[in-house]
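Worksheet: one structure, shown below.
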Amino acid sequence: MKSLARLALSAAIPLLFAQASFADGLAGAPAPFDKGGVKIALISYISAGDFFQAYQAGAEAQAKALDIDLRVFPGRQDAAEQREQVLQAINLGVSALVIDHGLPESLTDVAQQALDKGIKVVAFDVNLNNPKIPQVEQSDHELAQLALDQAVKDNGVSFNAAYVYVAGFAPLDRRNEVWDKFKSQNSGVVEKTRFGVVNDTTATSTADQAKAALSANPDATVVFAPYDEFARGVKLAANDLGIAGKLKIYSADVSTADIQEITEEGSPWVATVATNPAVVGAVSVRAAALQVAGQNVPPQIVVKPTLLTQESLRAAGVKTIEELAQKIPAFSTSDAATASWIPDKLF
């Protein structure tokens, strides 16, 4: 997993260490960025997996371009530890916090403590229910809808499905809203089984659950797994059970490792819908920087997703995130949370 993460990271951020350094601040930027060295903390709940590695690298690239002193607190899927990390960042005297995923019940009050001290807060894919905290998201509703539209295109409006879901995570909850609406509008779609787990070995743990669920429901032919680690686990289970030829997996998010698994011969993973996680990381830092500079930031900051089918990836000869970014320019940029003084040509 770690070697795959490094591979995805190098592909997603080819210019990570090629950005200019602004030792004396950023020319033309408002205070305090005209002086440089603004402290911002990135506090993650999950850091394992290609998506989160690339997200962090994008945040680091944007911070470097803005001469931000970015303090990164690695996530270990531990709500108590993430909460403590927020308190540590507050004590460091940072100007802003970017909170990446997590459980609202363990973060809401400490995020408010940061605001009370004049620290700006931006949340990515965790709903802290505070109008002073802008929410960065991948347009999760659109992401799920595009995946399900492709499932209907491939399978019609009547099929037996397996669904992978864990409640309590904002992006998965938003994707679940689309799934529930989709089922209500398509009576021929039957959810035969539901399972899922989020931990430091999500793919392998999901694979164990998927083996049991798919063995007990052999008539399930479509799997909606709206997180790439879920999809990877289901694919592993399908291969182990020898049923890859009868399943079609639809997912969300993408990495170099995912592209390789989607495009390999005989893969049941037929489509995913994704944003570039590096771009999302950069947008998160830009939103924090705009707030620190006293400029307006909308309450919801959306990065648009792209549908990536097995067929289209094979036809384009895409094998890495870097190639995907080159062949689909929209995948490499976003006009969300921008300003004339913010460098955004990072990748």
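When N176, N186 are screened for being over 19 Å from K248 (Cβ atoms), out of contact with any Pro (no Cβ under 6 Å at 6 or more places or on another chain) and among the polar types (S, T, N, Q), only N176 passes. If only residues of the stretch 196-212 that are more than 16 Å from Y250 (Cβ to Cβ) and among the hydrophobic types (A, V, I, L, M, F, W, C) are counted, the one that is most open to solvent (accessible area, probe 1.4 Å) is A212.
For the stretch 165-185, give me the residue count where each residue is within 15 Å of the chain's Cα centre (by Cα) and assigned to a helix (DSSP H, G or I). Residues in the stretch 165-185 being within 15 Å of the chain's Cα centre (by Cα) and assigned to a helix (DSSP H, G or I): 6 in total.
Taking the condition modelled with pLDDT of 95 or more, part of a helix (DSSP H, G or I), open to solvent by 20 Å² or more (accessible area, probe 1.4 Å) and under 26 Å from G102 (Cβ atoms), does Q150 pass? Before you say what the answer is, go through the steps one by one.
Details: modelled with pLDDT of 95 or more: yes; part of a helix (DSSP H, G or I): yes; open to solvent by 20 Å² or more (accessible area, probe 1.4 Å): yes; under 26 Å from G102 (Cβ atoms): no.
No; evaluated as a whole, the condition is false for this residue.
So, in the stretch 47-62, how many residues would count as being under 17 Å from A170 (Cα atoms), touching a strand residue (DSSP E or B) at 6+ places or on another chain (Cβ under 8 Å) and in contact (Cβ under 8 Å) with a residue 40 or more places away in the chain? Residues flagged as under 17 Å from A170 (Cα atoms), touching a strand residue (DSSP E or B) at 6+ places or on another chain (Cβ under 8 Å) and in contact (Cβ under 8 Å) with a residue 40 or more places away in the chain within the stretch 47-62 amount to 2.
Condition check for Y55 on (1) touching a Ser or Thr at 6+ places or on another chain (Cβ under 6 Å); (2) under 17 Å from A282 (Cβ atoms): one failure, at (1).
Checked against (1) free of Cβ contacts under 8 Å to residues at least 24 places away in the same chain; (2) surrounded by 23 or more Cβ atoms within 10 Å (Cβ to Cβ), K132 passes all but a single condition, namely (2). Residues in the stretch 14-37 that are at pLDDT 50 or above and either surrounded by fewer than 16 Cβ atoms within 10 Å (Cβ to Cβ) or of a type outside the set (A, V, I, L, M, F, W, C) (or both): A23, D24, G25, A27, G28, P30, A31, P32, D34, K35, G36, G37.
Please enumerate the residues belonging to the stretch 79-93 that are without any contact (Cβ under 8 Å) to a residue 40 or more places away in the chain and either open to solvent by less than 20 Å² (accessible area, probe 1.4 Å) or within 22 Å of the chain's Cα centre (by Cα) (or both).
Going through the stretch 79-93, the residues without any contact (Cβ under 8 Å) to a residue 40 or more places away in the chain turn out to be 79-84, 87-88, 90-91.
Once the filter is applied, which keeps residues that are without any contact (Cβ under 8 Å) to a residue 40 or more places away in the chain and either open to solvent by less than 20 Å² (accessible area, probe 1.4 Å) or within 22 Å of the chain's Cα centre (by Cα) (or both), the stretch 79-93 yields A79, A80, E81, Q82, R83, I90.
The lone criterion from (1) surrounded by fewer than 21 Cβ atoms within 10 Å (Cβ to Cβ); (2) of a type in the set (G, A, S); (3) not in a loop (DSSP other than H, G, I, E, B) left unmet by A162 is number (1).
The values are calculated or read from the model by the stated rules, or taken from the named source; none is laboratory data. As the structure is a prediction and not an experimental result, all values here were calculated from the model. Cβ: placed from backbone, ideal geometry, glycine included. Neighbour counts: every protein chain shown. Quick note on the areas: whole protein, heavy atoms, side chains included, nothing else; ligands and nucleic acids left out. Shrake-Rupley method; radii C 1.70, N 1.55, O 1.52, S 1.80 Å.
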